[in-house]
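In what follows, a structure is listed as structure tokens, so that the remarks can point back to it.
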Amino acid sequence: MNDLNPLEQCVRDNLERYFADLGDSEPDNMLAMVISCVERPVLQVALERANGNQSKAADMLGITRSTLRKKLQAHNLQP
């Protein structure tokens, strides 16, 4: 029985594909890679949903506006 929600299943499926593509190679710093890959589109969608309002986007994400700004900067998403 699969207890994963659709987003978790999508991540799991893509990780399986990632490992298949790696072949015999070992992954390096996998958690940081996944977090970075997921964080960028989450930030983009939150900003889109908030019509560019960083305060609203930060509220949606459950983070402070200053943390949002740091993350936007880290992902080169600053307007």
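Every number here is computed from the coordinates shown, using simple stated rules; none is lab data. Because the structure is a prediction, the values reported are computed rather than measured. Every residue, glycine as well, gets a Cβ built from its backbone with ideal geometry; the counts of neighbours run over all protein chains shown.
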*Just name one of Tyr18, Ala50, Leu31: the one whose Cα is farthest towards the positive end of the charge dipole of the chain (beta-carbon charges, Lys/Arg +1, Asp/Glu -1).*
Ala50
*asked:* Please state the shape class of the range 6-74: rounded when a/c is under 1.5, otherwise prolate if a/b exceeds b/c and oblate if not, all from the C-alpha gyration tensor.
replied: prolate
_the chain, helix-only ellipticity at 222 nm - DSSP H runs n ≥ 4, -39,500 (n - 2.57), divided by all residues, nearest 500_ = -22500 deg cm²/dmol
_Please state the shape class of the range 38-79: rounded when a/c is under 1.5, otherwise prolate if a/b exceeds b/c and oblate if not, all from the C-alpha gyration tensor._
rounded
_In sequence order, calculated HN-Hα J values of the range 7-13 (Karplus, 6.51, -1.76, 1.60; Hz; x Gly/Pro)_ = 5, 4, 5, 4, 4, 4, 4
*Measuring from label point to label point, each 7 Å out along Cα→Cβ, what is the Val34 to Asn53 span in nm?*
3.4 nm
